[in-house]
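The values are calculated or read from the model by the stated rules, or taken from the named source; none is laboratory data. Since this is a predicted model, take the numbers as computed values, not measurements. For neighbour counting, all protein chains shown are included, and Cβ atoms are generated from backbone atoms with ideal geometry for every residue, glycine included. For the accessible areas, the whole protein counts, side chains as well, though only heavy atoms, and no ligand, DNA or RNA atoms are used. Shrake-Rupley method; radii C 1.70, N 1.55, O 1.52, S 1.80 Å.
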Amino acid sequence: MFFSQAAQARAPPRTWEASPSEHKKWVEVFKACDEDNKGYLSREDFKVAVVMLFGYKPSKMEADSVMSSVNPKTSGILLEEFLTIVRKKKEAQLFRNEIRHIFTAFDRHYRGYLTLEDFQKAFKQVAPRLPERLPLEVFRRHKT
C-alpha cells in the first residue's frame, strides 16, 4: 500500500499513446457498441465497451462518474470522449501493473507483504544514501 500511495503522490503525470492498431480496436469497439449508429454511447453501451476492452463490468460509481462528465448537450459519450476515457484507463492499468511489478521485486519471499527487512533492503537498493533510520520511520508510520 505504501509504495502505490507514495508513487502516485510523487509520480509525474504519465502520458501514453496507443499504437495505431490499438487505437483502431478502440474505434471498432465504439462502433460495435453504438448499435443504432447514434454517434455516441449510452450508459449501457459504455458498460459493454468496457467489458470488451478491459474484461470487467464497470461499477455503478464508475459509470456514474463517466456519465456525469459527458457534455449535457449530447445524450452520451462521443467517440473522442470515449477514446480519452479508454486511454486514461489504459494508462492507469499500466501504472498499477508497474507498481505491482516493483512491489513483487522487493517481496523476495512471495508473501504478498514486505517485512521491515525487505523494506530496508529495498530502500538500500533504490536510495543507498538515505539515512538508515528513515526506512524504519516510514515502515512504522505505514504499517497496518
Hey, among the residues in segment 1-45 that are modelled with pLDDT under 90 and of a type in the set (S, T, N, Q), which one's nearest to residue 112 (Cα to Cα)?
4
What residue, among those in segment 120-144 that are hydrophobic (A, V, I, L, M, F, W, C), within 16 Å of residue 102 (Cβ to Cβ) and assigned to a helix (DSSP H, G or I), is least open to solvent (accessible area, probe 1.4 Å)?
122
Residues of segment 52-90 classified as open to solvent by less than 30 Å² (accessible area, probe 1.4 Å) and assigned to a helix (DSSP H, G or I), total:
5
